[in-house]
1. Out of region 54-73, which residues are under 19 Å from the mean Cα position of the chain (by Cα) and either in a loop (DSSP other than H, G, I, E, B) or surrounded by 10 or more Cβ atoms within 10 Å (Cβ to Cβ) (or both)?
2. Within region 17-40, is there a residue that is in contact with a helix residue (DSSP H, G or I) (Cβ under 9 Å, 6 or more places away or on another chain) and part of a helix (DSSP H, G or I)?
3. Do we have residue 13 as at pLDDT 85 or above and assigned to a loop (DSSP other than H, G, I, E, B) here?
4. With the condition kept exactly as written, say whether any residue in region 21-34 is surrounded by 10 or more Cβ atoms within 10 Å (Cβ to Cβ), under 19 Å from the mean Cα position of the chain (by Cα) and modelled with pLDDT under 90.
5. Could we say that residue 48 is in contact with a helix residue (DSSP H, G or I) (Cβ under 8 Å, 6 or more places away or on another chain), surrounded by 10 or more Cβ atoms within 10 Å (Cβ to Cβ) and in a helix (DSSP H, G or I) here?
């Protein structure tokens, strides 16, 4: 597919980024790669829990403020 120089390109070329990621992946020892996968999984689970907490808060609306009458003597 030829690129026309007059038409601006809207999508980024990800091929160099993917090649870099693949080169780094090949250079990293297997044990570190597994630990990184566990770390990313834990990070995603924490992000999911945070989103769930936030959505629960939004669905229930703002909590009413507790007001207590204190007698003044």
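The values are calculated or read from the model by the stated rules, or taken from the named source; none is laboratory data. Keep in mind the model is a prediction, meaning the values are calculated, not measured. Ideal geometry is used to build each Cβ from the backbone, glycine not excepted, and the neighbour counts take in all protein chains shown.
1. 54, 55
2. There is at least one residue in region 17-40 that is in contact with a helix residue (DSSP H, G or I) (Cβ under 9 Å, 6 or more places away or on another chain) and part of a helix (DSSP H, G or I).
3. Yes.
4. yes
5. no
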